[in-house]
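Reviewing the structure listed below.
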Amino acid sequence: MQFSQTRYRTHSCGQLRQGDVGKTVKLAGWVHSYRDHGGLVFIDLRDREGLTQLVFDSEACGQAYHDESRKLRSEWVISVTGVVTARGPSLMNAKLPTGEIEIRVKELEVLSVSATPPFTPDEHEAVSEEKRLTHRYLDLRRAEMQLNLSTRYRVTKIMRDFLGDQGFWEIETPILTKSTPEGARDFIVPSRLMAGSFYALPQSPQLFKQLLMVSGCDKYMQIVRCFRDEDPRADRQAEFTQLDVEMSFIDRENIISIMEGLLRKIWKEILGKEIPDPIPHMQYDDAMNKYGSDRPDLRFGMQLHDITDLAQQTDFGVFKNAAMVKVIAVPGGGKLSRKETDALAEWAKGFGAKGLAVTKVTAAGLDTGVAKFLAPIAAKLIERTGAKEGDLLCFAADKPRIVHKVLGELRLKLARDLKIAPSTEFAWVWVVDFPAFEFDEEEKRFSATHHPFTSPLDGDMGKLDSTDRATIESIKSKAYDIVVNGSEVGGGSIRIHRTEIQQKVFSLLGIDEAAQKLKFGFLLEALRFGAPPHGGIALGLDRLIMILRGISNIRDVIAFPKTQSGADLMCGSPSPIDDRQLREANIRVVTPPPKAETPKT
Ligand code: ASP
């Protein structure tokens, strides 16, 4: 990249090569490291583009600059003028793109000194994340973090260019708004002018993008911040970014094809990798039955096999009396010790299982664990699972929901622990035909699996009038998720565009007419005035960048992230506000302000 020349520099610190030898240049940046060899002082000068070695030799720069160079310390900001010089062959540094040259400094200007920093970019691994977040501006000086930020910028640019070329308009939607049900808690903002009333921060721009379709905008996109006040989880931020998309006069296949084109371009430009064309589709029911998850990691097999029928042929009560029995064959799992498999059983209890039955496949047949109960079905078991010598068979016997949860999680855990999943490959799949509604056992009512604006499949519309739980549970929706390596990177749906269907869905969800009017009156009203068939999707930008960069910490792809408990350790938010502000916002605080938090990163 060519820097515009300024009074401080003519080139970046990552730019100069052998071909520049002999040029007089100016560089500016931070002192990354310094070595004082008495007669010669070596400095690695850093900016976001790289490192360049500077040499201060009193013969070239004069005694005054040489003396000054000996005072330079980590993270001071300097500008130098000097001559690009070839390094002797034995002095070249093959690890640095600028490693063939160095700058023989003629003039030095100290632009700013640095106090001793709490850590230098090279030390980040030995430093707690709390300290890194408190001094985020220092942490962001690391090359890796700069690469995360530049990748993020490149990806959003591809998104804007690609979709712009296809006729999408980026349209901003409000941040101070009304609740949008995406299934999380809202962040709320008190209104000063309307005492007692509150805005909600958007969980997504869902209703606005649908209203833009009613407005005739046809193709909308936005790279947009969303806010969900959810309980802490390591890979989640309460404030996150989505690529939000909506289109009119389309079917599922149209949106899928555009998003595939976009993802293909991103993978090609950022990683130089291809994505299968087309990406395969998998029914939600298949994903649950075979992988125990609606976001299956398809980099490896270990499918769930249903053996409920075989279980009946044994005398093993735990299997015989269970609603469902399933098994996975874990390649190479036979080497796990009794202690390790016992620990797995304990772990499985965390997912609602009563335990975990296991046995090993040996040359002589099944051995150890529940082998003795399985003798009558051993041959059929091995045939059905395709298990090989050295495999571990893990069984779950319970209600389908628990069987799928436990074995789905176990599959992922063992793939991780036994390093079964290749780390550099990408396995893509669209999961389609989700159930439209889920029954919430605690609240004894249905909720929308995606969101309440998702259209049921055409063939299932008739079932919306039913009051029978099983019939309602069998309604499928026009929702789809894009999944890579077991991570859901996006999801969307074809929407309901007719008032009466939307009303029926609201009623089914237990939202009565008064509540419909109060919460969604504006949507129902808009649908009365000619809404085109429409649908869309949202991709999680933070997660996408994590996958592209192979990073597991979501905070590393966000410039100024929050801790898991929602704190910004650098600026110290959230923080109490003073009485005057509280009065103006018509708020009275009934609990004392929290003590300074113990950071949880
Ligand atoms: N609004 C949805 C979400 O944020 C995405 C969509 O349906 O387009 O998950």
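The values are calculated or read from the model by the stated rules, or taken from the named source; none is laboratory data. It should be emphasised that the depicted structure is a prediction, and the values quoted were computed from it without experimental measurement. Every residue, glycine as well, gets a Cβ built from its backbone with ideal geometry; the counts of neighbours run over all protein chains shown. Just the protein is used for accessible areas: all its heavy atoms, side chains included, with ligands, DNA and RNA removed. Shrake-Rupley method; radii C 1.70, N 1.55, O 1.52, S 1.80 Å.
Estimated at the nearest 10 Å², the accessible area of Lys265 is 80 Å² with a 1.4 Å probe. The order of the peptides 434-442, 576-584 by mean Cβ neighbours within 10 Å, most packed first, is 434-442, 576-584.
Count Lys and Arg as plus one, Asp and Glu as minus one, and take only other residues whose Cβ is under 14 Å from that of Ala143; the net charge is then -3. Taking one equal scatterer on every alpha-carbon of region 143-210, how large is log10 of I(q)/I(0) by Debye at q = 0.14, 0.18, 0.19 1/Å? Rounded to two decimals, the profile gives -0.68, -0.86, -0.88. Other residues within the sphere of radius under 11 Å centred on the Cβ of Phe240, judged by their own Cβ, net out at +1 (K and R +1, D and E -1). With unit charges on the beta carbon (Lys/Arg positive, Asp/Glu negative), name the residue among Asn254, Pro331, Ala436 whose Cα is farthest towards the positive pole of the charge dipole of the chain. Of the options given, the answer is Pro331.
Quick check: net charge around Ser507, other residues with Cβ under 12 Å of its Cβ, Lys/Arg +1 and Asp/Glu -1?
Details: positive: Arg445, Lys504; negative: Asp465, Glu500, Asp512, Glu513.
In short, -2.
Placing Leu176, Leu524 in order of accessible area, with the largest value first and a 1.4 Å probe, yields Leu176, Leu524.
Taking every DSSP helix (H) stretch of at least 4 residues in the chain, weighting each as -39,500 (n - 2.57) and dividing the sum by the residue count yields a mean residue ellipticity at 222 nm of -8500 deg cm²/dmol. Each residue of region 81-98 is assigned a 3J(HN,Hα), and the resulting list reads 10, x, 10, 6, 10, 6, 8, x, x, 6, 9, 5, 10, 5, 6, 9, x, 9 Hz, derived from the Karplus form 6.51 cos²θ - 1.76 cosθ + 1.60 (θ = phi - 60°), x at Gly and Pro. Here region 493-601 is treated with +1 on each Lys and Arg Cβ and -1 on each Asp and Glu Cβ, and its dipole about the Cα centre works out to around 180 debye. The 3J(HN,Hα) values that the Karplus relation (6.51, -1.76, 1.60; θ = phi - 60°) gives for region 212-224 are, in residue order, 5, 6, 4, 6, x, 6, 6, 9, 10, 9, 7, 8, 9 Hz. Gly and Pro appear as x. Relative contact order for region 478-593: 20 percent, from Cα pairs under 8 Å spaced at least 6 residues apart, divided by residue count. Which whole-number percent of Cα pairs in the chain have a distance greater than 30 Å? Pairs farther apart than 30 Å: 66 percent. Across the chain, the mean sequence separation of Cα contacts (distance under 8 Å, 6 or more residues apart), normalised by length, yields a relative contact order of 13 percent.
Per-residue counts of other Cβ atoms within 10 Å, averaged by peptide: what ranking do you get for 198-204, 404-410, 306-312, highest first?
Details: 198-204: 20.1, 404-410: 23.7, 306-312: 17.4.
The peptides rank, most packed first, as 404-410, 198-204, 306-312.
May I ask you to give the percent of accessible area on the chain that is carbon plus sulfur, with a probe radius of 1.4 Å? Could the numbers behind the result be given before it?
Numbers: 15360 of 29620 Å².
About 52 percent, which is the carbon plus sulfur part of the accessible surface.
Note: relative contact order over region 194-241, using C-alpha pairs below 8 Å and six or more positions apart, is 34 percent. Comparing Cα centroids, region 142-193 and region 485-507 end up 21 angstrom apart.
Sparse packing (at most 12 other Cβ atoms within 10 Å of the Cβ) combined with a DSSP loop state is found for the following trypsin sites (Lys or Arg not before Pro) in region 42-81: Arg70, Lys71, Arg73.
Mind checking region 181-260 for trypsin sites (Lys or Arg not before Pro) that DSSP puts in a loop (not H, G, I, E or B) and that have at most 10 other Cβ atoms within 10 Å?
Working: sites: Arg185, Arg192, Lys209, Lys219, Arg225, Arg228, Arg233, Arg236, Arg252; in loops: Arg185, Arg192, Arg228, Arg233, Arg236.
Passing both the DSSP loop test and the Cβ count: Arg233.
Using the Karplus relation 6.51 cos²θ - 1.76 cosθ + 1.60 with θ = phi - 60°, the per-residue 3J(HN,Hα) values for region 15-26 come to 9, 7, 9, 3, x, 9, 3, x, 6, 8, 10, 10 Hz, with x marking Gly and Pro. Given a 1.4 Å probe and the protein chains as shown, Ile175 ends up with an accessible area of around 70 Å². Does region 448-601 come out rounded, prolate or oblate by the C-alpha gyration tensor, with a ≥ b ≥ c the root eigenvalues, rounded set by a/c under 1.5 and, if not, prolate when a/b is larger than b/c and oblate if not? Here region 448-601 falls in the oblate category.
Annotation: per residue accessible area for the chain equals 49 Å², rounded to a whole number [probe 1.4 Å, protein chains only]. Between the Cα long axis of helix 252-266 and the first principal axis of the chain there is an angle of about 30°, rounded to the nearest 10.
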